[in-house]
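Before any comments, here is the structure.
The values are calculated or read from the model by the stated rules, or taken from the named source; none is laboratory data. Because the structure is predicted, anything quoted here is derived from the model rather than measured. Here the Cβ positions follow ideal geometry from the backbone for every residue, glycine too, while neighbour counts run over all protein chains shown. Just so you know, the surface numbers come from the protein's heavy atoms only, side chains and all, with ligands and any DNA or RNA stripped out. Shrake-Rupley method; radii C 1.70, N 1.55, O 1.52, S 1.80 Å.
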Amino acid sequence: MKEDFIITSVCRADLENNYDTSDISDETMEQLASKMANAYCDSGFWIDLPIIADYLKIPRKEKV
């Protein structure tokens, strides 16, 4: 059974309206993606997860 499911990504095109992306390395993009993932986990992921899981009618475990 699959364990991880990708929920989003970031690419140079996401930056192009506001930033010069001509010299951004893959390493910098990986750092940006990592920091974006951390920011989402810190600010919205744990709030959104139960709301969306409930909307999809994923059964909750009974509390012991």
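Fully extended, how many nm does the chain gain between residue 21 and residue 37 (0.36 nm per residue separation, minus their Cα-Cα distance)?
3.7 nm
What is the angle, in °, between the Cα long axis of helix 46-55 and the longest principal axis of the Cα atoms in the chain? Nearest 10 is fine, range 0 to 90.
Value to nearest ten degrees: 50.
Just one of [x] 12.0, 33; [y] 16.7, 55; [z] 12.6, 36 is Rg and Dmax of the Cα atoms in Å calculated from these coordinates, so which is it?
[y]
In square angstrom, what is the accessible area per residue of the chain with a 1.4 angstrom probe?
Values: 6460 Å² over 64 residues.
So the chain comes to 101 Å² accessible per residue, rounded to a whole number.
Among 14-23, 29-38, how do they line up from the highest to the lowest mean number of other beta-carbon atoms within 10 Å?
Descending mean neighbour count gives 29-38, 14-23.
Check the straight Cα-Cα distances from residue 35 and name the lysines below 26 Å, setting aside those fewer than 8 residues away within the same chain.
2
Work out from phi, with θ = phi - 60° and the Karplus expression 6.51 cos²θ - 1.76 cosθ + 1.60, the ³J(HN,Hα) of each residue of the range 20-29, listed in order in whole Hz, and give x for Gly and Pro.
Running phi through 6.51 cos²θ - 1.76 cosθ + 1.60 with θ = phi - 60° gives 7, 9, 5, 10, 6, 7, 4, 4, 5, 5 Hz.
Can you give the extra length, in nm with one decimal, that the chain gains between residue 52 and residue 5 once fully stretched, where that is 0.36 nm per residue apart less the Cα-Cα distance?
15.4 nm
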